[in-house]
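Working notes for the structure below.
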Amino acid sequence: MVNMMKTDKEYKELSIKEFNKAAEKYESGNAGIYEMCKRDYPPILEEIRKTEFETLLDAGCGTAPMISLLQEEYSNKKYTGIDLSPKMIEKAKMKNLPNTEFIVGDCENLPFEENSFDIVINSQSFHHYPNPQDFFNSVYKVLKPGGKLILRDNAANKLFTWFANKVELPLANLTGHGDVKMHTLEEVRGYCKKANLKVEKLEQQSRFRMHLVAVKE
């Protein structure tokens, strides 16, 4: 068992270094481990198609692959992307996407006004946050009443989750990855409850994927 807990600052510094390096290849055909992130885009898009919206925040946007896809279908909407990695945001800005703003920032403390967004999406970013409750509280703040959080991340049974958190992720930290924790469905339900977000859908899907849709009532 590996036990090398880090401070919040250390985890975030690891994530910045990891994704600054990954920015160059993130959307290439040689993305390596990040290639699996593309599997989460269609389920998120499917949820968005069910929802009327004008403003959308991609929290942990990376180089903005999801916003790029959305612009193909919803070109007249207003988009915002935020990421902790300056290099990811630099690459996103180079796309010159219309009606879109990108900023470097922390998803645990979203720097936006209350009731700013109809939808917040979060794809394969949540497991990098040392303070998950802060993220959900911040999402509640920036969502409009009736707004939705659509989140995709990793999930597994209790035994695999224990192994990932005690062995795999600490080893990943040693190799330069900023992963903090794989969360259970029960934990995520609890975060939503404390943040006053109503869970519409929360399930473990194929390929160890968590799928969450939560609403600010």
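The values are calculated or read from the model by the stated rules, or taken from the named source; none is laboratory data. For clarity, every value in this text was computed on a predicted model and none was experimentally measured. Quick reminder, even Gly has a Cβ in these numbers, built from the backbone with ideal geometry, and neighbours come from all protein chains shown. Heavy atoms of the whole protein, side chains included, go into the accessibility calculation; ligands, DNA and RNA do not. Shrake-Rupley method; radii C 1.70, N 1.55, O 1.52, S 1.80 Å.
What the table below lists for this structure:
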read-out	value
Label-to-label distance, nm, for residues given as N115 and E13 (7 Å Cα→Cβ offset)	4.1 nm
Simple Cβ-charge dipole of the chain, Lys/Arg +1 and Asp/Glu -1, about Cα centre, in debye nearest 20	340 debye
Residue-span extension gain [K201 to E46] - 0.36 nm each, minus C-alpha spacing	54.5 nm
Interchain or long-range residues, amide H under 5 Å from I121's placed H	L57, D58, A59, I150
In segment 1-94, the trypsin sites (Lys or Arg not before Pro) that fall in loop regions by DSSP, at most 13 other Cβ within 10 Å	R49, K50
Cα-based reach from K166 at 19 Å (exclusive), listing aspartates and glutamates while leaving out same-chain residues under 8 positions away	D8, E10, D153, D179, E186, E187
Principal axis dimensions, the chain - Cα atoms, whole angstrom, descending	50, 37, 31
Under Karplus coefficients 6.51, -1.76 and 1.60, residue-wise ³J(HN,Hα) of segment 53-66 in Hz, glycine/proline x	7, 10, 10, 9, 10, 9, 8, x, 6, x, 8, 6, x, 6
Heavy-atom surface of the chain, accessible at 1.4 Å and reported per residue (Å²)	49 Å²
Under 5 Å, built H, 5+ apart or other chain: amide partners of V199	V215
Percent carbon-and-sulfur accessible area, segment 92-217, ignoring ligands, DNA and RNA, probe 1.4 Å	51 percent
Note, ³J(HN,Hα) from phi for segment 111-116, Karplus 6.51, -1.76, 1.60, rounded to Hz, x at Gly and Pro	x, 10, 5, 4, 6, 9
Of the GluC sites (Glu not before Pro) in segment 38-136, those whose Cβ has at most 14 other Cβ within 10 Å and which sit in DSSP loop	E52, E54, E113, E114
Amide H contacts of M210 (H built 1.01 Å from N, under 5 Å, at least 5 apart or other chain)	D153, N154, A155, Q205
For the chain: relative contact order, % (alpha-carbon pairs under 8 angstrom, 6 or more apart)	22 percent
